[in-house]
Amino acid sequence: MQINKTFCSFIGLALACSMILGGCREMERQEQGRNYLSEVKSVNKLVLAQMTISKMATIDDIDLAKAEGMKQMAAGLMDAVKVGNRKAAYSYDTYLKAYVDLSGLTPDDVKVDDATKTITITLPQVQTEFAGRDMEIREDHYRVSGLRSEIDAKERAEIKEKMNAALKQEVEEKSEFRSRLEAEARAKADAYFKALLGSDGYNVIVNFK
């Protein structure tokens, strides 16, 4: 009878230890998962790719055939009778970047499977935005001769704003700019997170929402 009690007590102790160890492993696994999530979220806004887009425009005599209104017509007539010529070409760069916002990731977005040594991360969609532009325009060509007036700061500022407006309109209307940048960003995100999370021997799968 005593032997049975001892045997039962041993079994109960073994079961208790097994439950404790199992609970510890589960807590460790969950803690590890939370660490992966915290590590990814800490990046916050991850810029993955940037594109430089250039625009060029010229300042030239007004073409009388294309003059709009009496003011341009009068200016064109005055230019036509002046000796010399007046022409300049300017360009400047603006920047478009692609990024993912990781601040809203949840535990469901970073899943760790210890059995298969796999981490599956589901990222938000890649977003794009303008990331500034050159402060000054570049002067690629300048020729003012004869009695023609120099191109002044006001004219340069006006042509810069026209170039900026035309460039933004072109980016909005032509999807290939954003599409190419987004594709590059997704490829870099895949490589980045595989390097970041796969160092412990895990196979990392990167998906996008």
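The numbers here are math on the coordinates, done by the rules we state, and not lab data. Source: prediction; values computed, not measured. Cβ coordinates were reconstructed from backbone atoms using ideal geometry, including for glycine residues, and neighbour counts include every protein chain displayed.
For this structure, a couple of remarks:
- Net length gained if the chain between residue 38 and residue 209 were fully extended (0.36 nm per residue, minus Cα distance): 59.6 nm
- The largest-to-smallest principal axis extents of the Cα set in segment 99-209 are 83, 24, 23 Å.
- The modelled label-to-label distance for the pair residue 199/residue 120, using points 7 Å beyond Cα in the direction of Cβ, is 2.6 nm.
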